[in-house]
Amino acid sequence: PSYDPNNVFPKILRGEMPAHTVYEDAETLAFMDIMPRGDGHMLVVPRTPCRNLLDAPPEALAAVMRTAQTIARAGIAALGADGVTVQQFNESAGGQVVFHLHVHVIPRFEGVPLRPHTGEMADHGRLAELATAIKAHI
């Protein structure tokens, strides 16, 4: 399968679609997931065009994981979380829905299960609040 430069994440990277940014550097962008499975659910994408783990250059994978660690620590600190779940899916059979490499970073709380993926969008005001709180810990 080929890479589609017009999927939602490249559009966010190009500034064609809005996102609640948490962190960015020359290689990655981290932002709030608009359909969160938990409070503080964030996504990390590389600026390098790649479909997923299977075609990503090693440098892009390393940059994504560095950013995932940075925002995971900030999310835990900002929200008082007890841990973090990091997920990454590849191809449809592996659960991937958006075909640009991305990692889910979800702060977790003891006894609180992940919400189901319903396709329902979160309140943008709440996402902005969470992004601001998390950014303050980076």
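The values are calculated or read from the model by the stated rules, or taken from the named source; none is laboratory data. All of these numbers come straight from a predicted model, not from anything done at the bench. A quick note on method: Cβ atoms are made from the backbone with ideal geometry, for glycine too, and the neighbour counts reach across all protein chains shown. Just the protein is used for accessible areas: all its heavy atoms, side chains included, with ligands, DNA and RNA removed. Shrake-Rupley method; radii C 1.70, N 1.55, O 1.52, S 1.80 Å.
Quick notes on this one:
To keep it simple, each residue is scored yes or no on (1) in contact with a Pro (Cβ under 8 Å, 6 or more places away or on another chain); (2) closer than 19 Å to His117 by Cα.
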| site | (1), (2) |
| --- | --- |
| Val8 | no, yes |
| Glu16 | no, no |
| Phe99 | yes, yes |
| His104 | no, yes |
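- Of the set (1) free of Cβ contacts under 8 Å to residues at least 60 places away in the same chain; (2) surrounded by fewer than 17 Cβ atoms within 10 Å (Cβ to Cβ); (3) among the β-branched types (Val, Ile, Thr), all apply to Val112 but (1).
- Residues located in region 79-105, provided they are open to solvent by less than 30 Å² (accessible area, probe 1.4 Å), touching a Gly at 6+ places or on another chain (Cβ under 8 Å) and either farther than 25 Å from Pro58 by Cβ or modelled with pLDDT under 95 (or both): Ala81
- All conditions but one from (1) closer than 24 Å to Pro10 by Cα; (2) loosely packed, with under 14 Cβ neighbours inside 10 Å; (3) out of contact with any Ser or Thr (no Cβ under 8 Å at 6 or more places or on another chain) apply to Glu59; the one that does not is (3).
- Top-ranked residue of region 79-138 - restricted to ones that are among the β-branched types (Val, Ile, Thr) and more than 14 Å from His41 (Cα to Cα), ranked as nearest to the chain's Cα centre (by Cα): Val98
- Condition met for Gly119 (loosely packed, with under 12 Cβ neighbours inside 10 Å, of a type in the set (Gly, Ala, Ser) and not in a loop (DSSP other than H, G, I, E, B)): no
- Among residues of region 122-138, those that are open to solvent by 40 Å² or more (accessible area, probe 1.4 Å) and touching a Ser or Thr at 6+ places or on another chain (Cβ under 7 Å), counted: 1
- Output for region 5-28, where each listed residue is without any contact (Cβ under 8 Å) to a residue 24 or more places away in the chain and open to solvent by less than 20 Å² (accessible area, probe 1.4 Å): none
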